[in-house]
Amino acid sequence: MRNEFWRGKRVLVTGHTGFKGSWLTLWLRELGADVAGLSLAPPTEPSLHLLLGGAIDGPGIIDIRDRDAVTHHVLKTKPQIVFHLAAQALVRAGYRNPAETYHVNVLGTVNLLDALRLSEDVRSIVVVTTDKVYHNAETGLAFMESDPLGGHDPYSASKAAAEIVAASYRASFFSSRRVGLATARAGNVIGGGDWAEDRLIPDAVRAWQSGETLQVRRPRAVRPWQHVLEPLGGYMGLAERLWQAPDGVESYNFGPDHGEAASVGAVLKMAERHFGGGATMLGDGTDGPHEAGYLVLDSAKARAELGYQPRWRLAETVKRTMEWYRAQGDGRAALELCLADIRDFAGLAVRDEPLRAAG
């Protein structure tokens, strides 16, 4: 990824009020991009989006399921580059509300791509799905982009369906115009400012701060944990590649080195050391609906074709994440903490003028 590429680019981020969307929006603005958003109001309380200053509110608060509103916003903002992150992004919420999950994740993607089909400005589209799009037979092997799609639960299946939608729009409408469209598959990101339910680190922080017992359902489940900036940097590098050479670019995994995949229990122990944990109750993996036991990505394709290279190992990732929450809880500003991580990760110089929230 080239930092100078982004200056002055018109970028649309759907899901900009969420955890990943807030980090991405801040990073892009720090690089000088002209960023518009498209999302529901912040989904959690507290909200990283609001703690960062509530940038890009107003007309960007739009339901991805509202086709007319999405189309109007796309044609008004005239984005050159689009990151589609808006989603119902939780496995257990998908079990509770499957129809809504499919509506948001599948038809929402259709609404966005159909609007972009009418745009004369767009050149690069990154549709973000998940590491859970693969048919997981629990073989113990890392998934490659050529492996079959699947999805046991509604969330995973809806994201696999979004992959098929994206491939169809690429083949039917965008390839002939040399508009790049690719999907990005990553998951289990951690970092400061995530307060979603049913995620390990936010659940741990809430429990430890309040003196409650942390309930861990599946301590032996293995996931490709990574700092939120790792896949975001991958998405941005992919968008640059699509801008420069859109042909033959379809889907990419963005995950840590194979040896960095770890169990829920192992990550929890690291988090306790850096935060100061409290009481924890470990389950046996039988509580609740089905979730994959082993899930690891092979990112060799992104390394070879995009130059993707994870920067922070798992121990550093967990340390930075827990220090973020501790510092923010002690009164440090979220904007200051996020910018420090972004600048360190991306090798950016500190601005002479402090970044101020738009809107």
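The values are calculated or read from the model by the stated rules, or taken from the named source; none is laboratory data. Computed from a predicted structure; not experimentally measured. As a convention, Cβ positions derive from the backbone with ideal geometry for all residues, glycine included, and neighbour counts pool all protein chains shown. Just so you know, the surface numbers come from the protein's heavy atoms only, side chains and all, with ligands and any DNA or RNA stripped out. Shrake-Rupley method; radii C 1.70, N 1.55, O 1.52, S 1.80 Å.
Please return the ranges of helices (runs of 4 or more DSSP H) entirely within segment 1-78 where 2 or more residues are closer than 21 Å to Leu339 by Cα.
19-30, 48-51
Which of (1) closer than 30 Å to Gln309 by Cα; (2) in contact (Cβ under 8 Å) with a residue 40 or more places away in the chain does Arg7 not meet, given it meets every other one?
Only one criterion is unmet by Arg7, namely (2).
In segment 262-294, which residues are among the aliphatic types (A, V, I, L, M), modelled with pLDDT under 85 and not in a strand (DSSP E or B)?
Once the filter is applied, which keeps residues that are among the aliphatic types (A, V, I, L, M), modelled with pLDDT under 85 and not in a strand (DSSP E or B), segment 262-294 yields Ala279, Ala292.
So, in segment 164-198, exactly how many residues are touching a Lys or Arg at 6+ places or on another chain (Cβ under 8 Å), of a type outside the set (A, V, I, L, M), open to solvent by less than 20 Å² (accessible area, probe 1.4 Å) and closer than 20 Å to Ser251 by Cβ?
Residues in segment 164-198 being touching a Lys or Arg at 6+ places or on another chain (Cβ under 8 Å), of a type outside the set (A, V, I, L, M), open to solvent by less than 20 Å² (accessible area, probe 1.4 Å) and closer than 20 Å to Ser251 by Cβ: 3 in total.
Looking only at segment 114-151, filter to residues that are more than 13 Å from Arg185 (Cβ to Cβ) and assigned to a helix (DSSP H, G or I); which one of those is most open to solvent (accessible area, probe 1.4 Å)?
If we take residues in segment 114-151 being more than 13 Å from Arg185 (Cβ to Cβ) and assigned to a helix (DSSP H, G or I), then Arg117 is most open to solvent (accessible area, probe 1.4 Å).
Within segment 123-138, identify whether any single residue is free of Cβ contacts under 8 Å to residues at least 12 places away in the same chain and among the hydrophobic types (A, V, I, L, M, F, W, C), and answer yes or no.
yes
Has segment 340-354 got at least one residue that is out of contact with any strand residue (DSSP E or B) (no Cβ under 7 Å at 6 or more places or on another chain), open to solvent by less than 30 Å² (accessible area, probe 1.4 Å) and at pLDDT below 95?
Yes, segment 340-354 contains at least one residue that is out of contact with any strand residue (DSSP E or B) (no Cβ under 7 Å at 6 or more places or on another chain), open to solvent by less than 30 Å² (accessible area, probe 1.4 Å) and at pLDDT below 95.
So in segment 201-238, with the set limited to residues that are part of a helix (DSSP H, G or I) and of a type in the set (Gly, Ala, Ser), which one is most open to solvent (accessible area, probe 1.4 Å)?
Ser210
Just wondering, is there one or more residues in segment 152-160 that are open to solvent by 40 Å² or more (accessible area, probe 1.4 Å) and either farther than 22 Å from Asp66 by Cβ or part of a helix (DSSP H, G or I) (or both)?
yes
Going by the structure shown, is Ala86 surrounded by fewer than 24 Cβ atoms within 10 Å (Cβ to Cβ), at negative phi and touching a residue at least 60 places away in the same chain (Cβ under 8 Å)?
no
I need the full set of residues from segment 223-237 which are closer than 21 Å to Gly347 by Cβ and under 14 Å from the mean Cα position of the chain (by Cα), in order please.
Gln226, His227, Val228, Leu229, Glu230, Pro231, Leu232, Gly233, Gly234, Tyr235, Met236
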